[in-house]
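The values are calculated or read from the model by the stated rules, or taken from the named source; none is laboratory data. Owing to the predicted nature of the structure, the values given are computational and were not obtained by experimental measurement. Ligands, DNA and RNA are excluded from the accessible area calculation, which covers all protein heavy atoms including side chains. Shrake-Rupley method; radii C 1.70, N 1.55, O 1.52, S 1.80 Å.
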Amino acid sequence: MLLVLLPASAAFNVAARPAPTPCARAAAPRLTSPLSAPTHPAVAGWPDKYAGTLGAATGPRVLHDAFAVEAAGSALLMELDVANWPTWTTAGNDRWLPNVTRKDKEMPYGELSYLISGKLEIVPKETGLPVVVNPGDVVTFPEGFVSDWTVLEELTWHYYLY
């Protein structure tokens, strides 16, 4: 084994080395939660849109880490305080006309939704299998979830963003 000792000035002379070349690849975009991105139209006014008390014994909470649709009983609706969530509808909204598919809709935030009326078909990009959301269903949309949406009947739902 050969060990060469150089003077400290020669060993750490960075001026003689070429400058590193910066990586040309762009950084991946980061999704932000509604609390840190209040400029997104859907989240303007959060958390004030929620009429309940945040941090109370009952109130909204994340139900699942992944996309999920489940029938909600009255106990779950009361536990989540759904009556105090804001309401959204497709009525009068040309962006959400019945029987028109919106491809590759990506959720920029997490959302819990409770369908009051109407019918919606969601096809997750991950599975390609259609899921129909009916009145009385609670839906968990995780942040970054990508799917195709087709409004089958005009929608009205309560929602909570997280």
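Remarks
- The residues Tyr162, Tyr50, sorted by heavy-atom accessible surface at 1.4 Å with ligands and nucleic acids left out, run Tyr162, Tyr50 from largest to smallest.
- Taking the empirical scaling 2.2 N^0.38 Å for compact globular proteins as reference, region 52-119 has a Cα radius of gyration ratio of 1.29.
- Ranking of Arg95, Arg61 by solvent-accessible surface, largest first: Arg95, Arg61 (1.4 Å probe, protein heavy atoms only, all chains present).
- Lysines with Cα under 23 Å of Lys119, excluding same-chain neighbours fewer than 8 positions away: Lys103, Lys105
- Kirkwood-type radius of region 66-162, with distances r between different C-alpha atoms, in Å: 13.5 Å
- Extension gain (nm, one decimal) between Arg61 and Glu154, 0.36 nm per residue minus Cα-Cα: 30.8 nm
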